Every structure is written in structure tokens, then in C-alpha cells.
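Working notes, structure below.
Coordinate-derived values only; no laboratory data. If you're wondering where the values come from, they're calculated on a predicted model, not measured in any experiment. Note that each Cβ is placed from the backbone with ideal geometry, even for glycine, and that neighbours are counted across all protein chains shown.
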Amino acid sequence: MDRIAITGGAQLNGTIPVSGAKNSAIKLMAASLLTDEPLRLTNMPRLADTRFLGKLLTRLGVQVTESDGPDGQQTLLHAPEITSGFAPYDLVRQMRASFNVLGPLVARSGQAKVSLPGGCTIGARPVDLHLQALEALGAKIDLHEGYVYAQAPRGLKGAEITFPIVSVGATEHAMLAAVLADGVTVIHNAACEPELADLQDCLNAMGAKVEGAGTPTITITGVTRLKGATHAVIPDRIEMGTYAVAAAMAGGEVRLTNARPGLIDALLDKLKEAGAGVEPTADGVIIRRNGHRLDSVDIETAPFPGFATDLQAQFMALMTTAKGESRIRETIFENRFMHAPELMRLGADISVSGGEARVRGVERLEGAEVMATDLRASVSLVIAGLVARGETTVSRIYHLDRGFERLEEKLGACGAQVRRIKGDGEPEL
Ligand code: UD1
């Protein structure tokens with residue numbers, strides 16, 4: 001399997017264009033199941049996760065065509081009819097979000113059999129809220145041998161759905177299912193992440209009636225059919241935040257473009273507090289650090305607009321060489337500190353207790369062989385490698401390829417010494 005080698009010490013100077021948001025793109029792709037007309041998604045990232053989902057959708061009857069158009073990378077998805085309502089374990093386990101085909105399949109064709117998901121190993125990550133939402137909409141749900149059987153032969157019915165905790169995936173899933181339900185659905189305690197508003201915009205362009213995404217209450221008035229549309233995927237706030245942290249770590253000056261700084265205010269505030277230069281621009285942000293060491297700051301992850309859990313690992317990497325001690329509290333997922341022992345292999349001084357990590361900044365990190373454990377953790381190791389003395393090699397980078405488009409190229413264009421070592425096809429133990 002491929003590995004990534006980073007030779008530490010180079011500053012980053014240049015421009016990095018931010019790609020379309022992975023977490024949005026994969027839910028938008030699932031929306032193509034809701035109509036027999038073509039859905040054209042522009043600003044599409046090309047990632048392992050979008051490829052996986054494309055494979056699954058093809059199996060369900062969606063024609064998936066990727067191309068480079070005048071608007072950049074785009075994907076055309078067209079499902080004249082649903083040819084199968086079966087999403088097998090092999091395809092769903094590789095990516096948790098593929099579970100979100102369940103709702104659209106039931107909404108359009110009245111039945112589906114979808115495997116329970118896999119995905120990043122960052123805690124238990126159940127799907128009980130997804131299933132509760134579909135049941136509230138009138139689907140009959142049975143669980144059998146690792147599969148969810150869902151049926152609504154007479155269609156779904158609008159309902160009041162109140163989530164006990166905030167879940168991005170369950171809110172999106174409920175929205176995807178409710179657009180074709182008979183009557184009005186109100187989702188209470190909805191997630192407010194920007195990807196929800198993006199999904200709302202796309203569904204409304206397809207003829208749906210959705211209001212309130214981005215707030216805790218979303219109202220959906222069901223329609224009988226949806227049509228085709230063209231929709232541009234929002235910029236990836238996690239990719240943007242990752243490169244912002246990388247620039248603060250390595251030093252230099254990096255301009256992030258094709259992005260929206262307002263999507264990562266919580267991170268940018270923390271970077272400023274730590275002493276990095278942060279200058280928002282019309283389509284992104286400039287991050288600078290010239291020579292001086294950053295100060296330690298504390299963070300606590302929270303649902304949007306709080307500090308994103310998907311940027312926690314990267315920020316921990318940044319704090320490993322800051323002055324003083326930083327406390328990092330993870331409140332969204334249990335078991336999301338698997339990057340800590342790997343960062344310690346590079347010389348970081350970290351102790352973890354329950355949902356809190358304490359990072360005592362060290363003068364310098366030393367290159368070593370480390371292993372990616374999940375998607376965001378893997379990029380934190382690359383960030384640490386940017387300043388570690390000598391060479392850092394990150395293995396199991398299939399995690400990285402799930403969510404970061406052309407990472408070596410983007411960092412390399414700013415002067416980082418990052419290269420991919422092609423594997424021999426042998427699985428790593
Ligand atoms: C999405 C993002 C992920 C991000 C996360 C939180 C995608 C593809 N992934 O994941 O990158 O880290 O939001 O911002 O968009 N939960 C339940 N029952 C459920 C569903 C969730 O208990 O049915 C719990 C989870 O275990 C977790 C919490 O709710 O503790 C939040 O998870 P959720 O917001 O659902 O995350 P995802 O949608 O899986």
C-alpha cells in the first residue's frame with residue numbers, strides 16, 4: 001500500500017485552492033436517487049469516498065459520469081429508474097455515509113435493503129437516530145443479519161422528528177427522505193453544519209420545499225416528484241482548516257482560495273490566539289507565521305459553529321511544538337485521540353485521559369515511521385511531519401485518500417517536501 005514521506009523543515013509559501021466539500025458531495029450524490037432526471041454536481045472533489053459512492057450508486061441504477069467541464073470537475077448522476085434497492089456490506093462498510101442511500105431509496109421506490117455501515121474507527125457511531133427518523137416518517141424497519149430492511153409501500157408521511165442529540169448524518173438522512181413524503185416534516189434539534197444548507201439548496205433546485213437548514217429547525221413540505229438540477233458543491237471547510245493549520249505549523253505565508261473563511265471562524269480565532277497571522281480575503285484566507293513560536297491554546301470540539309471535531313487532530317499536531325500546555329477536549333466522538341500515540345512517536349509530549357488530551361509543547365519533533373488510523377488523524381501526522389527533523393513516513397494512507405484531493409501536489413506547490421511512495425500491493429499488517 002502507498003505511503004507518504006515528508007522531509008521536515010521547509011516553510012510553506014504559495015496558494016492552495018480548496019476543493020469541493022467531501023462531506024457535502026457524498027450526500028448530494030445520494031440525492032440523485034430521488035429523481036429520474038439528471039443531477040449535475042460541479043466543484044466536485046475526486047476522492048476515494050466519492051468513487052466508492054459512485055460504485056454503489058451505479059449498482060442501484062444511477063449512471064455516474066465524471067468529466068472536466070467549463071465549471072471544473074463535475075459529476076453527472078442520472079437514475080432513470082432504481083434497478084436495485086440492495087446496498088451490500090462490501091460497498092457500505094468502506095464508507096459510513098453510503099448508509100444515507102437508505103432514505104432516498106425508500107422515498108422513491110418504497111423499499112430498500114442496506115447494510116449497516118463501517119467507516120472511520122472513531123467510536124461506536126451507531127445509526128439509531130437515522131432509523132428513528134425513517135420510522136417517524138412511516139417506514140417499517142427490520143434489522144436482520146447486519147442489514148436494514150426498510151419498507152414504505154404507500155410512500156413516506158410527513159412527521160415531527162426530534163433528535164435527542166445533534167447528528168449531521170441523521171439530519172441529512174431525514175431531509176433526504178422527507179422531501180418526497182406526503183405532508184410536512186419538521187426536524188427539531190437539527191444539525192446546523194454548512195453541509196445541511198448546501199443539501200437544502202441542491203434539493204430546492206431539484207424542486208423540493210425545504211426551509212431552515214443551518215438552524216436547529218428544518219421544515220420540509222413534501223412534493224410528489226423532483227426534477228434534475230445543476231448545483232455547485234460548497235468549499236471543503238475541513239480541507240481549508242487543515243491547510244490553514246499546516247501553514248501555521250510550517251511557517252511562511254499561504255493563501256487559501258475557492259473557499260469561505262466564515263465556515264471555520266472557530267479555528268481561525270484559535271489560530272489568531274496562538275499568534276498566527278490570519279487575514280480573510282474575498283474567496284478565502286491568508287495564513288502567515290514568520291519565525292516566532294506559537295503559544296498554546298485550549299480547544300473543545302462542538303457542533304457547528306463550534307470547533308469542528310474534524311480539525312481536532314490537526315490542531316493537536318500544531319500544539320505539539322507550541323509554547324506551554326494545551327488542553328484539547330473532544331466532545332463529539334469517543335476514541336478520537338488515536339493520533340496521539342502516533343504524534344508521540346515523533347517526540348510529542350501528550351497525555352490522554354478520557355475525552356481530554358494535554359499537549360505540552362516541545363522544541364522540536366523528530367521524523368519517524370507512523371501510521372494513519374483514520375481520515376483526519378492521518379493528515380495530522382503529515383502536518384507534524386512538515387516540521388519534524390528528518391523524514392516522517394506515514395503508512396495506511398488510504399485513510400488520507402478518502403478525504404484529501406491531491407494532497408502532495410497542493411502542499412508541494414507551496415514548497416513542502418512531500419512524496420508518495422507507491423506500495424507493492426501487499427496489504428500492511
Ligand atoms: C459527520 C461527518 C464527520 C464529522 C461528524 C461530526 C460526514 C460524512 N461525516 O459524521 O466527518 O466528524 O459529522 O461533525 O458528513 N450518533 C448516534 N446515533 C446516530 C448517529 C450519530 O448516537 O444514529 C452519535 C455519533 O456516535 C456521534 C454523534 O452522534 O457521537 C455525532 O455524529 P454525527 O453528527 O452523526 O456524525 P456523522 O454524520 O457520522
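Name the residue, out of GLY284, GLY306, GLY385, whose mean-square fluctuation peaks in a Gaussian network model built on the chain with Cα pairs under 10 Å.
The residue with the greatest mean-square fluctuation here is GLY306.
Looking at segment 324-390 from every direction and averaging, what is the projected area of its Cα convex hull in nm²?
Value for segment 324-390: 4.3 nm².
Counting Lys +1, Arg +1, Asp -1, Glu -1, what net charge surrounds TYR147 among other residues with beta carbon under 13 Å of its beta carbon?
Charge balance in the 13 Å sphere: -1.
Does anyone have the angle between helix 237-250 and the longest principal axis of the chain? Alpha-carbon axes, 0 to 90°, nearest 10?
0 degrees
Would you order VAL186, VAL106 from fewest to most other beta-carbon atoms within 10 Å of each residue's own beta-carbon?
The most exposed by this proxy come first: VAL186, VAL106.
Most exposed first by the Cβ proxy, i.e. fewest other Cβ within 10 Å, how do TYR147, TYR243 rank?
In increasing order of surrounding Cβ atoms, one gets TYR147, TYR243.
Where does the chain land at 222 nm, in deg cm²/dmol rounded to the nearest 500, when only DSSP H runs of n ≥ 4 count, each adding -39500 (n - 2.57), divided by all residues?
Here the helix-only value at 222 nm equals -8500 deg cm²/dmol.
Which shape class, rounded, prolate or oblate, goes with segment 275-410 when its Cα gyration tensor gives a ≥ b ≥ c as root eigenvalues, a/c under 1.5 marks rounded, and past that a/b bigger than b/c marks prolate?
Verdict is rounded for segment 275-410.
Rounded, prolate or oblate: pick one for segment 53-123, where a ≥ b ≥ c are the square roots of the eigenvalues of its C-alpha gyration tensor, a/c under 1.5 means rounded, and failing that, prolate if a/b is larger than b/c, else oblate.
The shape class here is oblate.
So for each of 40-47, 85-92 I average, over its residues, the number of other beta carbons within 10 Å; can you give me the resulting order with the highest mean first?
40-47, 85-92
Please give the helix 22-31 orientation as an angle from the longest Cα principal axis of the chain, in degrees from 0 to 90, rounded to the nearest 10.
So the inclination is approximately 10 degrees.
Could you pull out the pairs from LYS55/LYS272; LYS27/LYS113; LYS113/LYS410; LYS272/LYS422 whose alpha carbons sit more than 30 Å apart here?
Those over the limit are LYS55/LYS272; LYS113/LYS410; LYS272/LYS422.
For segment 148-167 and segment 44-120, what is the centre-to-centre distance using only Cα atoms, to the nearest Å?
20 Å
Once you sort the root eigenvalues of the Cα gyration tensor of segment 22-232 as a ≥ b ≥ c, which label holds: rounded (a/c under 1.5), prolate (a/b larger than b/c) or oblate (the other case)?
Taking the square roots of the gyration eigenvalues as a ≥ b ≥ c, segment 22-232 is rounded.
With everything on Cα atoms, drop me the angle between helix 168-178 and the longest principal axis of the chain, reported from 0 to 90° to the nearest 10.
The helix 168-178 is inclined about 20 degrees to the chain.
Ranked highest first by average number of other Cβ atoms within 10 Å, how do 203-213, 69-79 line up?
Answer by packing, highest mean first, reads 203-213, 69-79.
In the neighborhood of ASN189, defined by Cβ-to-Cβ distances under 15 Å, what is the net charge if each Lys or Arg adds +1 and each Asp or Glu adds -1?
Counting the neighbours of ASN189, the net charge comes to -4.
Could you list MET249, MET371 in order of exposure, starting from the residue whose Cβ has the fewest other Cβ atoms within 10 Å?
Ranking MET249, MET371 by Cβ neighbours within 10 Å, fewest first, gives MET371, MET249.
Normalise the Debye intensity by I(0) for the chain, one equal point scatterer per Cα, no solvent, then take log10 at q = 0.08 Å⁻¹ and round to two decimals.
Log-scaled intensity ratios, in q order: -0.43.
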